[in-house]
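Heads up, the thing below is written out as structure tokens.
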Amino acid sequence: MEYKTASYEKLAGELEALRSEYEKIKAEKLSLNMSRGRPCTEQLDLTEGLLSVLYKNDMCNLSGNTDVRNYGVLSGIEDIKNIFAPILGAENGEVFVGGNSSLNLMYDLVADGMLYGYEGCTPWAKLPEVKFLCPVPGYDRHFAICEKLGIRMINVPMTKTGPDMDAVEKLVAEDELIKGIWCVPKYSNPQGITYSDETVARFADLSPAAKDFRIFWDNAYVIHDLDDTPDTLAPLLVMAKKTGKQNMVFEFTSTSKITYAGAGVSFLAASADNIKTVSSRIGIRTIGYDKVNQLRHALFFKTTENVYEHMKLHAAILRPKFDIVINTLEGELESTGTASWHRPHGGYFVSLDLMPGTAKRAWQLAKEAGVVLTTVGATYPYKLDPLDSNIRIAPSNTTCEELEKAMHVLCVCAKIAAAEKLTENK
Ligand code: PMP
């Protein structure tokens, strides 16, 4: 039934039926969680051998001439750069290998901007105000970094091809206090959208008023394809070198969703100049990151090609879960005309836009029925979804059986919230 055009009587009848369905669901006392993008145990088990690979021969502590058990080689060992630099579209000299978390690198680089600035410009914290552009909906932990450091966030709408570039170009050109933008360019969190070639080309040739403006290109899902028709992302760093604006780019990724979440290896790809600046600052913070883990990863994968093969094993586990999400939305919500979503070809999320003004209510109903979803608003700066519409679905860490249940519950709750809204003033 198309809700918005249905008569009051029909909708009221529908609402009654939904409520009785909801009471039945509640009686089941479910406990299901679709709130965070965590790999499931089966995915973590794919990396069988990572923990023992170092014990296989006597020379296992060596990367070239580097004994990974000792201090030294701040920017990371060559063996791991050889494998991951091509994935990032960078040369080995343009890669800094970090610790267990790319988010940690992002935080550090924003904090460094606040403390020291970039390109010899005034440290951001000494300016009257610092602003970042935030394509919305987006990743809550990016927004949390800005909020914590007192950086004002400006929403920029996402389109099907990436952030609204007319808005981005205009804003950065007019305001010297805009020092950065957060981007998840491939299979964006939460929408699963990949930036088009034109969008990337416009980023590579951006002309911000701030000389020390930085694009925080969080390529967390760079090789996280789900199906046989994956999206492709143009290589920003390569393109920015052609426009001579390579210093604008900080690209990040990690193996959190390749090997172990929170116990993998993180990477920064940036111009050689930036790597020098960043290294000189990180070198104060730490004598070096965990090279033993870097070598463990290098020995486990051996080649870039093997990393891609490994990702196919993840896809085989994740694809049926994404199919359940999309099929349930299509089967239960499409005909109501109250919600929209994008079918992603990779990444970890499906972003569901409910009828404006109903997301919080649907979330609460789902919670009371035992289904936990990412908090409404989390996908927006300051946790404020101006339309009260967006819900992020993270299907990875549930079984297919649980997911089918949880998605049905979500759809029932979304329909109740919409039907309530449409009947409330009649
Ligand atoms: N960026 C994005 C877009 C993410 O979705 C995540 C993990 N959910 C991260 C960064 C965190 O990555 P890491 O574990 O490397 O800190």
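Odds and ends about this structure:
- Highest mean packing comes first when the peptides 20-32, 339-351, 393-405 are listed by Cβ atoms within 10 Å, giving 339-351, 393-405, 20-32.
- Protection proxy ranking, highest mean first, for peptides 117-127, 100-110: 100-110, 117-127, where packing is the per-residue count of other beta-carbon atoms within 10 Å, averaged.
- Dipole-positive endmost among PRO395, SER351, ALA378 within segment 350-409 (Cβ charges, Cα centre): ALA378
- Kyte-Doolittle mean at least -0.5 and Cα axial length at least 30 Å: DSSP H helices in the chain: 304-332, 400-423
- Relative contact order (%) - criterion: Cα under 8 Å, at least six apart; region: the chain: 26
- Ordering 80-88, 251-259 by mean Cβ neighbour count within 10 Å, with the highest value first, yields 251-259, 80-88.
- A cut-off under 9 angstrom between Cβ atoms defines the neighbours of VAL278, and their net charge, with Lys, Arg +1 and Asp, Glu -1, is 0.
- Under 12 Å from LYS360, Cα to Cα: aspartates and glutamates that are on another chain or at least 8 residues apart: ASP385, ASP388
- Partners for LYS29 among aspartates and glutamates (Cα-Cα distance below 12 Å; same-chain residues under 8 apart left out): GLU368
- Radius ratio Rg over Rh of segment 151-201, counting only Cα atoms, Kirkwood formula for Rh: 0.97
- When the P(r) of the chain is calculated, the portion above 35 Å amounts to 33% of the C-alpha pairs.
- Percent of beta bridges antiparallel (DSSP, the chain, rounded to nearest 5): 45
- Taking the helices alone, the chain has a mean residue ellipticity at 222 nm of -13000 deg cm²/dmol, built from -39,500 (n - 2.57) per DSSP H run of at least 4 residues and averaged over all its residues.
- 3J(HN,Hα) from dihedral phi, segment 335-344, Karplus parametrisation 6.51/-1.76/1.60, rounded to Hz, x for glycine, proline: 5, 6, x, 9, 9, 9, 7, 10, 8, x
- Rounded, prolate or oblate (a/c below 1.5 giving rounded, otherwise prolate when a/b exceeds b/c) for segment 166-281 by Cα gyration tensor: oblate
- Per residue, the convex hull volume that the Cα atoms of segment 354-426 enclose (Å³): 80
- Set of segment 142-178 residues, backbone N closer than 12 Å to the point 7 Å along the Cα-Cβ line of THR122: 176-178
- About the Cα centre, charge dipole magnitude for the chain (Lys/Arg +1, Asp/Glu -1 at Cβ), debye: 920
Every number here is computed from the coordinates shown, using simple stated rules; none is lab data. Only a predicted model underlies this, so the values are computations on that prediction, with no experimental measurement involved. Cβ sites come from the backbone with ideal geometry, for glycine too, and all protein chains shown count toward neighbours.
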